[in-house]
Amino acid sequence: ALLGSIGLTMLFHNRKWNRQEFHGDDGQFTVIDVEDNSHVRHRTSFGASSKYINSEDFKQADLECQFGAMKVYFDKAKITEGRAAVRVNVSFSGVELYIPKEWKIDNQIKISLGAVDEKNEHVPTGDVILTLIGEVSFGAVEIVYI
């Protein structure tokens, strides 16, 4: 099991993050290298973690989970510009995103032997659009509306 884990880590570890900033109206991304309250990064490997995003001006989150489990709570995040993005990179893992039910979700995640599921009632107002991008391979992303 240890050798298998090391081999799989070597295969998937070479994936580099394209750290980019999302520009809502034109749908373009720009490279960023700084984390602050509006740009959040969180990574989990071979474990479980929870992340609470309490930003007054949330714009983007970069989430990476390999061989583990991750829960991310967006219920305290405020999107002032009307659009934000969450970039996910999920391999052999499960990620739960707890999102306010008023937010509209634009799901652009590429799935390879995985799934993206939605739970609970969803009543988008159209004021806030959250774009989900990235890749899921041998894993699952679950969107839970709160």
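Distance between Cα centroids, segment 40-66 to segment 111-135: provide it in whole Å.
Cα centres, segment 40-66 to segment 111-135: 16 Å.
Going by the alpha-carbon gyration tensor, a ≥ b ≥ c the square roots of its eigenvalues, is segment 46-126 rounded (a/c under 1.5) or, if a/c is not under 1.5, prolate (a/b greater than b/c) versus oblate?
Numbers: a/c = 1.84, a/b = 1.44, b/c = 1.27.
Verdict is prolate for segment 46-126.
Take Ala69 and Glu81, extend 7 Å from each Cα along the Cα→Cβ direction, and tell me the distance between the two endpoints in nm.
Here the answer is 3.5 nm between the modelled labels.
Just so you know, all these numbers are worked out from the coordinates, no wet-lab data involved. Everything quoted here is computed from the prediction, not taken from an experiment. Don't worry about glycine lacking a Cβ; one is built from the backbone with ideal geometry, like all the others, and counts go over all protein chains shown.
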